Amino acid sequence: MFGDGIVRATPGLAAVHPGKTGDCGAQLGAIGRFTSRLEHWMSGLPLLVALYGRAYRHVIEREIALAEIESRDRVLNIGCGAAPFTALLLARHTGARITCLDRDPQAVAQAGRLVRRLGLQGSVDIQLGDAAHSAPPFDVAVVALQTIPKLGVLHRLAAGKPPGARLVVRESAEWCRDMYDRLPCSLTPRAQVWHHMGALERSALYLAGDLCRFVQEEG
């Protein structure tokens, strides 16, 4: 059963309205650089990581309920950064094995050191890679707010996966919609949960089969 506060919907496959990929690139680059610097700095301070990560606890709890994540699931975290709060909390709350994928070599090295320092290397695996090109197998993928291009990455993740593979995508608030890439408004999620936490407005659940069909029909 879905947890409380989860809004469910029947996926719609209407005409596509282009996302903001081209418009938001420069602004997203600036945000990404700031976030990256902050996480690089925090990654060497486990106590600060723990304190900062507490702000994400309710987000993670809602996402676990949204995607019904269990200990047997292979969970893929796209865009973990140098301080992989999402992966650490997912591992602790579900007992699942978490694989993190980030294309920044320095972030991957620092995240790996932090995971080892916390003794979670048996639960969290940090890998260098770009989800727009390839990704490890998964049952559930959690896609970071800063991911770009979102639809392209999601289609790549969904391609060749079982139709029921779950993808949780973080979406930005309306006030900063031009600062982050957004999915087409015509792509309706299976369900969603609302956070209203700064730039992070909601997490939306999509199934691999729905994403592949959407891209194919809009092709």
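Among 99, 86, which is the only one that is touching a residue at least 24 places away in the same chain (Cβ under 8 Å), out of contact with any His (no Cβ under 6 Å at 6 or more places or on another chain), hydroxyl-bearing (Ser, Thr, Tyr) and not in a helix (DSSP H, G or I)?
Exactly one residue qualifies, and that residue is 99.
Inspect all residues belonging to the range 181-192 and state whether any of them is under 16 Å from residue 64 (Cβ atoms) and without any contact (Cβ under 8 Å) to a residue 40 or more places away in the chain.
No, that holds for no residue.
Yes/no matrix, rows are residues, columns are (1) over 26 Å from residue 61 (Cβ atoms); (2) among the charged types (D, E, K, R):
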residue	(1), (2)
103	yes, yes
167	no, no
170	no, yes
182	no, yes
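Is it fair to say residue 192 is more than 20 Å from residue 81 (Cβ to Cβ), within 17 Å of the chain's Cα centre (by Cα) and either of a type outside the set (A, V, I, L, M) or not in a loop (DSSP other than H, G, I, E, B) (or both)?
yes
Looking at this structure, is residue 111 farther than 16 Å from residue 67 by Cα, in contact with a Cys (Cβ under 8 Å, 6 or more places away or on another chain), of a type in the set (Gly, Ala, Ser) and buried (at least 23 other Cβ atoms within 10 Å of the Cβ)?
The answer is yes for residue 111.
Applying the selection to the range 160-202, what residues are in contact with a His (Cβ under 7 Å, 6 or more places away or on another chain), closer than 17 Å to residue 7 by Cβ and not hydrophobic (A, V, I, L, M, F, W, C)?
201, 202
Output the qualifying pairs, or none if there are none: Cβ atoms under 6 angstrom, residues six or more apart or on different chains, first residue in the range 47-70 and surrounded by 13 or more Cβ atoms within 10 Å (Cβ to Cβ) and modelled with pLDDT under 95, second residue of a type in the set (A, V, I, L, M, F, W, C) and not in a helix (DSSP H, G or I).
Between residues of the range 47-70 that are surrounded by 13 or more Cβ atoms within 10 Å (Cβ to Cβ) and modelled with pLDDT under 95 and residues that are of a type in the set (A, V, I, L, M, F, W, C) and not in a helix (DSSP H, G or I), the close pairs are 49/83.
Can you tell me which condition residue 129 does not meet? The list is (1) modelled with pLDDT of 95 or more; (2) farther than 26 Å from residue 61 by Cβ; (3) more than 15 Å from the chain's Cα centre (by Cα), and all the others hold.
(3)
Can you say whether residue 95 is modelled with pLDDT of 95 or more, among the small types (Gly, Ala, Ser), in contact with a Ser or Thr (Cβ under 7 Å, 6 or more places away or on another chain) and on the phi > 0 side of the Ramachandran plot, as far as the supplied structure shows?
yes
The values are calculated or read from the model by the stated rules, or taken from the named source; none is laboratory data. Nothing here was measured: the structure is a model prediction, and the numbers come from that model. Backbone-built Cβ (ideal geometry, glycine too); neighbour counts: all protein chains shown.
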